Amino acid sequence: MRSRDTTNPSDTPEHKVEVRRSQRRHRTVTAYWDEDTLVVLIPARMTRAEEKHWVAEMQRKLLRKGPRQAAPPKASDEALLARCAVLSAKYLDGKAIPASVRWVPPMRTRWASCTPVDATIRVSDRLRRVPAWVLDYVLVHELAHLKEPGHNAAFWELVRRYPKTERAIGYLEGLSSAAGWGIAAED
């Protein structure tokens, strides 16, 4: 279960800070901008002192990059995880939170995979070269598996909340066909 704590530090009045604690998160701390709010994802077991330290640290890091400037999801596993948090909040009511998301060497038959039991998502390195909206579709698809493990009607109802689903499926089918990879876009 996640809990949220919204604060507004006096040293940075131009934005809010929202802390989200997760039982699934054990070691990592991630932060990203959601409009004018800095969202910090931390393990639920952290003390308030550790939370304060990490909020300040992540705030410092992101402000150094410039306000409201998130790392592109193609940059790192942490950026992928942060992008998943944004997409989950926007399209899946914030109820699909992975424990980890990571880039993996090219998969032979899939663009990505999800293991709902441990809430992990793996994304093929082949997707580092696709447009961001296509990667977002793949991430929403895998996030939906955290709620609905199979490809049933309820699963596709969740995925189709992402407005570019059909377009992204077409893009991936064309890419796979042109490259001769034989990867199905809907799997």
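Kindly indicate whether residue 80 is in contact with a Leu (Cβ under 6 Å, 6 or more places away or on another chain) and within 25 Å of residue 29 (Cα to Cα).
Details: in contact with a Leu (Cβ under 6 Å, 6 or more places away or on another chain): no; within 25 Å of residue 29 (Cα to Cα): yes.
Spelling it out, it is not the case that residue 80 is in contact with a Leu (Cβ under 6 Å, 6 or more places away or on another chain) and within 25 Å of residue 29 (Cα to Cα).
Just to verify a result, which residue in the stretch 96-108, among those that are out of contact with any Leu (no Cβ under 8 Å at 6 or more places or on another chain) and either open to solvent by 20 Å² or more (accessible area, probe 1.4 Å) or touching a residue at least 40 places away in the same chain (Cβ under 8 Å) (or both), is nearest to residue 41 (Cα to Cα)? Can you show your working first?
We begin by selecting, within the stretch 96-108, every residue out of contact with any Leu (no Cβ under 8 Å at 6 or more places or on another chain); these are 99, 104-108.
Next, only the ones that are either open to solvent by 20 Å² or more (accessible area, probe 1.4 Å) or touching a residue at least 40 places away in the same chain (Cβ under 8 Å) (or both) stay: 99, 105-108.
On the way: 99: 11, 105: 26, 106: 28, 107: 29, 108: 32 Å.
The selected residue is 99.
I'd like the full set of residues that are touching a Pro at 6+ places or on another chain (Cβ under 6 Å) and surrounded by fewer than 16 Cβ atoms within 10 Å (Cβ to Cβ), limited to the stretch 121-172.
Within the stretch 121-172, 125, 149 meet the criteria.
Of the residues 131, 149, 98, which is in contact with a strand residue (DSSP E or B) (Cβ under 6 Å, 6 or more places away or on another chain) and of a type outside the set (D, E, K, R)? Steps first, please.
Numbers: 131 fails: in contact with a strand residue (DSSP E or B) (Cβ under 6 Å, 6 or more places away or on another chain); 149 fails: in contact with a strand residue (DSSP E or B) (Cβ under 6 Å, 6 or more places away or on another chain).
Of the residues listed, the single one that is in contact with a strand residue (DSSP E or B) (Cβ under 6 Å, 6 or more places away or on another chain) and of a type outside the set (D, E, K, R) is 98.
Go through the stretch 79-93 and count every residue that is in contact (Cβ under 8 Å) with a residue 40 or more places away in the chain and either open to solvent by less than 30 Å² (accessible area, probe 1.4 Å) or outside the structural domain of residue 139 (by the TED database) (or both). Please lay out each step first, then the result.
So the first thing to find is which residues in the stretch 79-93 are in contact (Cβ under 8 Å) with a residue 40 or more places away in the chain, and the list is 80-89, 91-92.
Those still in the list that are either open to solvent by less than 30 Å² (accessible area, probe 1.4 Å) or outside the structural domain of residue 139 (by the TED database) (or both) too: 80-82, 84-85, 87-88, 92.
Count: 8.
Could you tell me which residue of the stretch 109-120 is surrounded by the most Cβ atoms within 10 Å (Cβ to Cβ), considering only residues that are in contact with a Leu (Cβ under 8 Å, 6 or more places away or on another chain) and small (Gly, Ala, Ser)?
Going through the stretch 109-120, the residues in contact with a Leu (Cβ under 8 Å, 6 or more places away or on another chain) turn out to be 111-112, 114, 116, 119.
After this cut, where a residue has to be small (Gly, Ala, Ser) as well, the list is 112, 119.
Working: 112: 21, 119: 19.
Only one residue fits best here, namely 112.
The values are calculated or read from the model by the stated rules, or taken from the named source; none is laboratory data. A quick note: this is a predicted structure, and the numbers were derived from the prediction, not measured. Note: ideal-geometry Cβ built from the backbone for every residue, glycine included; neighbour counts use all protein chains shown. Calculation scope for accessible area: heavy atoms of the full protein, side chains included, ligands and nucleic acids excluded. Shrake-Rupley method; radii C 1.70, N 1.55, O 1.52, S 1.80 Å.
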